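Below: one structure, written as structure tokens.
Nothing in this text is a laboratory measurement; each read-out follows from the coordinates by a stated rule. It should be emphasised that the depicted structure is a prediction, and the values quoted were computed from it without experimental measurement. Virtual Cβ from ideal backbone geometry, glycine too; neighbours counted across all protein chains shown.
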Amino acid sequence: MKKRVTKISLFILIGLIIISCTVTKRVPDTKRLLTRNEIAIDSKKTTDENLFFQLYQKPNSSILGYRLRLHLFYLTKKNPDSTYSHLLQKNPHTHATLTKLLSEKQVGRLGKSFLVSGWSNFLSKIGETPVIFDSVQADKSVKRLESYFYNKGYFNVKAGYKKNTTHSKKIAITYDVNLHKVFNIDSLKTNITSTKLDSLYQSKKSNSLIKSGTPYNTEIFNNERSRITNDFRNNGAYLFQQNNILYKLDTINTSKKVNVTLVIKDYEYRENDSSKTTPFKLYKINKVAIYTDQSNVKNEVKINDSLSYKNVVFYTEHKLKYRPKAITDAVFISKGSLFSDNNTLLTTRYLNNLRIFKYPTILYKIDPKDANGLIASIYLTPKKKYSFNPSVDFTHSTIQDFGISGYTSLAIRNVFNGAEIFEVGFRGNVGASRALSNPNNTFFNISEIGLDAKLNFPRILFPINTEKIIPKSMIPSTVLSVGYTKQRNIGLDKQNFTSTLSYNWSPRKNIMVKYDMFNIQFVKNVNVGNYFNIYQSSYNALNTLAHQYAAPSSYFDGANNLVIENGTNGFLNDVLGANPSIFPNDQDLKTIRSIEERKNRLTENNLIFASNFSFSKTSSKNLSDRNFYSFKSKIEAAGNFLSLLARMSKQLDNQGGANTFFEVQYSQYIKGEFEFIKHWNISGKKVFAIRSFAGLAVPYGNSNSIPFSRSYFSGGSNDNRAWQPYSLGPGRSGGLNDFNEANMKLSLSSEFRFNLFYKFNGALFADAGNIWNVFDNVVDENFTFNGLKSLKDIALGSGLGIRYDQGLFVVRFDFGFKTYNPAKPNAEKWFREVNFPQGVLNIGINYPF
């Protein structure tokens, strides 16, 4: 054993020596490779990433200490095309042979092809050139570190650096920063020459970010500039800009304190060849003009007609195509109000949200008749009334070996002259499946068709006025949609009808609210007899029990398996019918009854008439933001309205004792969900992200279970990645069914993301969670949630991922391992399945959260 350890240690030592030598193989003899940066603040080393960002030179990136991108660069060939030309000159026979096979011109191009130069060019793109120490860059880094701390109030800061050249051709740098004492703000005075601006400032002086007794910080001063500028420009100061704000700092004989004077001078402008000044004015809007058919060519406005509506003048080349109110509802710039940047941005946002115009242009000019007034001109370029978008895709899945799917949508804008948009879409799919019997020998033997229609109103449609509750500043909209799909030879050949009336609005930026007054779904299963062909685990269990209890031979086919559906239904009836002839033991009877109950549940038609309310908020500023949070919550209630109608119409109960509506048992439940996501930008391209989710659906009244389409499942590329979709849970049951689902779910995921090289990123993740049955008709303790003790059934998956960031989207490969499997015996729950043969590969688009 000792010899083996010695050999392993020797191999590791030799490997480290080789890596250490090769890392400097392209470093010139008179130069040194920068291998490490350190920063010491008052002799104490720091790992603050904000400080390391100030350095101009950083060592080559590494993964667990190995400089992968540097070594990839070392694999490139210098001037591969020149090497190729030299090879041809040295071997005329080779040159002549290639010329005969190709041509002289093609032989020349071959030197720049991927075959000769491509691999080296690719490696040079994803690799990193060696970072050679540059004293000029180090001096600049010192200046930047001093500037960084100077802006934080350390006006006497001094910095320098030391070199460590112990290793040949390598150098490590330590930057030493001596801070000395920080300067605190003592007093804040103002010198604002324009009286109107001075009055505005004094009225909101308490909102100032600059506080006496706090350390000086340039960032706070910049933020205060932005606050003052926004306040002025939202209260009429049209000509005011942020660079009109100056700060004078006095630190002479102040005992490390700063006396601040805010200076805002009068507006300066040029007239002829001379410079003049005048006090800033607060401008009012004298006129709002809207040009509704502006062309794409700048300054090309043809006016043949005009119309006035609520202090807004419409100018058009042709007859006005819109009801004036539909446009004015989107305009927050009003005659007689003060100029406001916020109103301009809100108007732009609302007009763009209508989706009937291209991005609007809003311009202001001083009214030639009133030096204190502005004319606001809004230029709108209409989009085409009709837009047609066809698409075709070729698919392959577990259901079909080959498929062709298509989608065609037609959008009609301004349907009722009120900026409404009507969209109708048709989708279809035909596919081939060898798993199906095909008596007609047709290639395409499965199909699905669907039709969707949606009507969007840019306002709240309601019998009473909702302006006081949901003002137009919240950009409200109403969406009425209907949809229908029909399947053939797919599962139970479902027919699915949906209809929704939803209201959407945004109370504040980054907050969205949606209320579905009604959300209707009707699911009809046409091919119920195909159940046991789809749910193979139920069929296998039933088939085994039928043999065990010697079911009649007429129930079996030539391969001695239960015939679907005569044999399966016959055996179920013999055990569970009114006059049973087969009497299993208690445990097997329970299993058979469970199979029957699940079959009845998944093959029954569903009528869901629900209302739901959802709320979402995010702090994300844009798609590239790596430091944000978001949360979503939703509550849904179904069946209450139909329950009232069923009672009023005195409809009869069905055989199970539940109420029906149009001869279909409707679902009744209440459901709540909550999701929280948080991203932390650790440094550079390193991000730590978490997601938590909790959901519970409780059946009551007319239902004792949740419809399959409204239940929860666990596993898959966006959930617990160590399990396949629908294969985890419920509880510690071990995923006995083909599609495991339940009415309660808890999950928590975390992920550390980092850049590997070029556009390739890596990730380490851990996913925890499970689903359970609770408050429904499932009583088996392996499936149900029974208080805090059931939290031990939470499964844990961990793994690693590789992602390619294309820019518009991310292609994701995640490999998950079952780290803790609650379905296993106690001695086998932890780490028994952490190996590649039992891992799960997930392929997805974009990040899971």
query: Of the cross-linked pairs Lys671/Lys745; Lys58/Lys152; Lys792/Lys829, which ones have a Cα-Cα span greater than 19 Å in the structure shown?
result: Lys58/Lys152
- prompt: Taking a threshold of 23 Å on the Cα-Cα distance, which of the pairs Lys634/Lys789; Lys196/Lys257; Lys321/Lys384; Lys310/Lys472; Lys205/Lys468 fall above it?
  reply: Lys634/Lys789; Lys196/Lys257; Lys205/Lys468
- request: Quick one: P(r) of region 529-603 from all Cα-Cα pairs, 5 Å bins, percents rounded to integers, in order of increasing distance.
  value: 3, 16, 32, 29, 16, 5, 0
message: For the ranges 785-793, 510-518, what's the packing order if you count other beta-carbon atoms within 10 Å of each residue, average per peptide, and put the highest first?
response: 510-518, 785-793
- prompt: Computed over the Cα atoms, what is the radius of gyration of region 644-800 divided by 2.2 N^0.38 Å, N being its residue count?
  reply: 1.33
The chain, dipole about Cα centre (Lys/Arg Cβ +1, Asp/Glu Cβ -1), debye to the nearest 20: 3960
statement: Out of Val392, Ile460, Asn414 - ranked by how far each Cα lies towards the positive end of the dipole of region 386-526, with unit charges on the beta-carbon of charged residues - the top one is Ile460
- request: Compute the whole-percent fraction of alpha carbon pairs in region 779-819 spaced more than 12 Å apart.
  value: 71
Which of Phe497, Tyr726, Ser705, positive extreme of dipole for the chain (C-beta unit charges): Tyr726
- request: Mind ranking 583-589, 738-744, 384-390, 839-845 by how tightly packed they are, going by the mean number of other C-beta atoms within 10 angstrom, highest first?
  value: 738-744, 839-845, 583-589, 384-390
task: Taking a cut-off of 13 Å between Cα atoms, list the aspartates and glutamates near Lys276, but don't count ones fewer than 8 places away on the same chain.
output: Asp266, Glu268
- line: Kirkwood Rh for region 538-672 from C-alpha pairs, in Å, is 19.2
field: Loop trypsin sites (Lys or Arg not before Pro), region 304-361 (other Cβ atoms within 10 Å of the site Cβ: 15 or fewer; DSSP)
entry: Lys310, Lys319, Lys321, Lys335, Arg355, Lys358
task: Please identify every one of the GluC sites (Glu not before Pro) in region 245-321 that sits in a loop by DSSP and has no more than 12 other beta carbons within 10 Å of its own beta carbon.
output: Glu300
field: For region 184-278, convex hull volume per residue from C-alpha positions, Å³
entry: 106
field: Candidate aspartates and glutamates for bridging to Lys319, where Cα separation is under 19 Å - those fewer than 8 sequence places away on the same chain excluded
entry: Asp293, Glu300, Asp305, Glu420
Of Leu197, Val523, Gly450, farthest towards positive along the dipole that unit charges on Lys, Arg, Asp, Glu beta carbons give the chain: Leu197
message: In Å and on Cα atoms, what radius of gyration and Dmax does region 711-845 show?
response: 15.8, 53
task: Return the Rg/Rh value of the chain, two decimal places, where both radii are evaluated on C-alpha atoms and Rh is the Kirkwood radius.
output: 1.03
